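Here the structure comes first, spelled out in structure tokens, and everything after it is commentary.
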Amino acid sequence: MTQKKNEEKDILILAIESSCDETAAAVVKNGREVLSNIISSQIALHTLYGGVVPELASRKHIEKINQVIQEALDQAGVTLDDIDAIGVTYGPGLVGALLVGVAEAKAISYARNIPLVGVHHIEGHISANYIENKELKPPFACLVVSGGHTHLVVVKDYGEYEIVGRTRDDAAGEAFDKVARAIGLGYPGGPKIDKISKEGNPEAIAFPRAKIADSQYDFSFSGLKSAVLNYLNGCRMKGEEIVAADVAASFQKAVTDVLVEHAMHAVREFGFTKLAIAGGVASNSALRESMRAACQANGVEFYYPSPILCTDNAAMIGAAAYYEYQKGVRSDLSLNAVPNLKLGER
Ligand code: KG4
Ligand code: ZN
């Protein structure tokens, strides 16, 4: 095939994501057009236990994955014969959960002789920004805020990343989930804090904004979480009323203030004109609002995915897999789940 023909051909990726508690499959055309995006959420199952139970997650993935993939193909109006490559999350995440997606992807790849591309979950989150922002191209800065990660990333090129800031303890989403549990909102905490905060006063309680002495881009949320727990205990001991909406709004403001401040600092220092946000916490309405205002004030273009593309999904894996595929990246059948996979490593 000539080079020209290669460039003209549409590339269809079947993407699979099973790193945590969503079984997801998608068909993505040329990295940016989502033909289908099927997500089978396990929230109802894990709610019973107040958080994700890894063993149950793996079992549920096994039950659902074939059906979810078939639905993704059907909704896209394609069959495996039309698929150019399979993209699959192989880390980081829960090992048993990842293994289900990886084994499935390898089986289809082997049986149908379709190229396989292993994808880093965080690369997927970042790539979610390409789907609705057709003009977005590297380089840009990206704040990744999920249940497991809080990273300030310089996206140098497709698939080329430099982490310039990271959390020293809890991830932002983890802090949302723990505080939500403490004020009795249940799992998953982030969306519930987002919602109840709309009725609360973000200035009601002065929670700390942690600074890391030797790194202006690193984050720390465990002190803030402890401050919230101490505040709640103090109220209970003194018999004072706890206004959950005020606690939630004040906590949320403390998190978003730090995220916005560090992201804007990085953008200024590195001279970026584009900032993207990614990961489950990027769907937080207060974060989106204050980041938008800060970007506007600093003349920075602000990019963010729709909420459904912020939380775990397979379309983002399809977008990331496309750029890896175009660079010639191929995984073989030795691909394994890597629970602590580092961004930018293979
Ligand atoms: O990216 P994600 O779906 O999974 C991981 O890769 O971890 O992120 C899940 C995290 C959870 O901690 C959840 O509470 C948080 O994202 N989250 C939110 C919101 N929606 C989800 N946090 C704050 N506000 C939200 N609206
Ligand atoms: Zn995620």
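For the range 43-80, the set of residues classified as at pLDDT below 95, in a loop (DSSP other than H, G, I, E, B) and either closer than 19 Å to Asn313 by Cβ or over 21 Å from the mean Cα position of the chain (by Cα) (or both) consists of Leu48, Tyr49, Val52, listed by residue number.
Sort through Ile163, Ile212 and tell me the only one that's aliphatic (A, V, I, L, M) and within 16 Å of ligand 1 (Cβ to nearest atom).
Working: Ile212 fails: within 16 Å of ligand 1 (Cβ to nearest atom).
Checking each option against the conditions leaves just Ile163.
Within the range 166-181, the set of residues being within 9 Å of ligand 1 (Cβ to nearest atom) and open to solvent by less than 10 Å² (accessible area, probe 1.4 Å) comprises Ala171, Ala172, Gly173, Ala175, Phe176, Ala180.
Looking at Met291, Met237, which is the one that is among the aliphatic types (A, V, I, L, M), in a helix (DSSP H, G or I) and open to solvent by 10 Å² or more (accessible area, probe 1.4 Å)? Show your work before the answer.
Numbers: Met291 fails: open to solvent by 10 Å² or more (accessible area, probe 1.4 Å).
Of Met291, Met237, the one residue that is among the aliphatic types (A, V, I, L, M), in a helix (DSSP H, G or I) and open to solvent by 10 Å² or more (accessible area, probe 1.4 Å) is Met237.
Please state which one of Gly186, Gly124 is out of contact with any Cys (no Cβ under 6 Å at 6 or more places or on another chain) and either hydroxyl-bearing (Ser, Thr, Tyr) or within 16 Å of ligand 2 (Cβ to nearest atom) (or both). Walk me through how you get there before you give the answer.
Working: Gly186 fails: either hydroxyl-bearing (Ser, Thr, Tyr) or within 16 Å of ligand 2 (Cβ to nearest atom) (or both).
One residue alone meets the criteria, Gly124.
Exactly one residue among Ile163, Ile114 is touching a strand residue (DSSP E or B) at 6+ places or on another chain (Cβ under 6 Å), surrounded by fewer than 24 Cβ atoms within 10 Å (Cβ to Cβ), outside any helix (DSSP H, G or I) and assigned by TED's automatic domain parsing to the domain that holds Asn66, and that residue is Ile114.
Among the small types (Gly, Ala, Ser) and within 16 Å of ligand 2 (Cβ to nearest atom) - does that describe any residue in the range 148-157? Working first, answer last.
Pass one, the range 148-157, residues among the small types (Gly, Ala, Ser): 148.
Then keep just the ones that are within 16 Å of ligand 2 (Cβ to nearest atom); that gives 148.
Yes, the conditions are met somewhere in the range 148-157.
Candidates in the range 138-160 are the residues that are farther than 22 Å from Met264 by Cβ and away from ligand 1 (no atom under 14 Å from the Cβ); of these, the one that is most open to solvent (accessible area, probe 1.4 Å) is Glu160.
The values are calculated or read from the model by the stated rules, or taken from the named source; none is laboratory data. Nothing here was measured: the structure is a model prediction, and the numbers come from that model. Every residue, glycine among them, receives a Cβ derived from its backbone with ideal geometry; neighbour counts consider all protein chains shown. The area values use the complete protein model at the heavy-atom level, side chains included, leaving out ligands, DNA and RNA. Shrake-Rupley method; radii C 1.70, N 1.55, O 1.52, S 1.80 Å.
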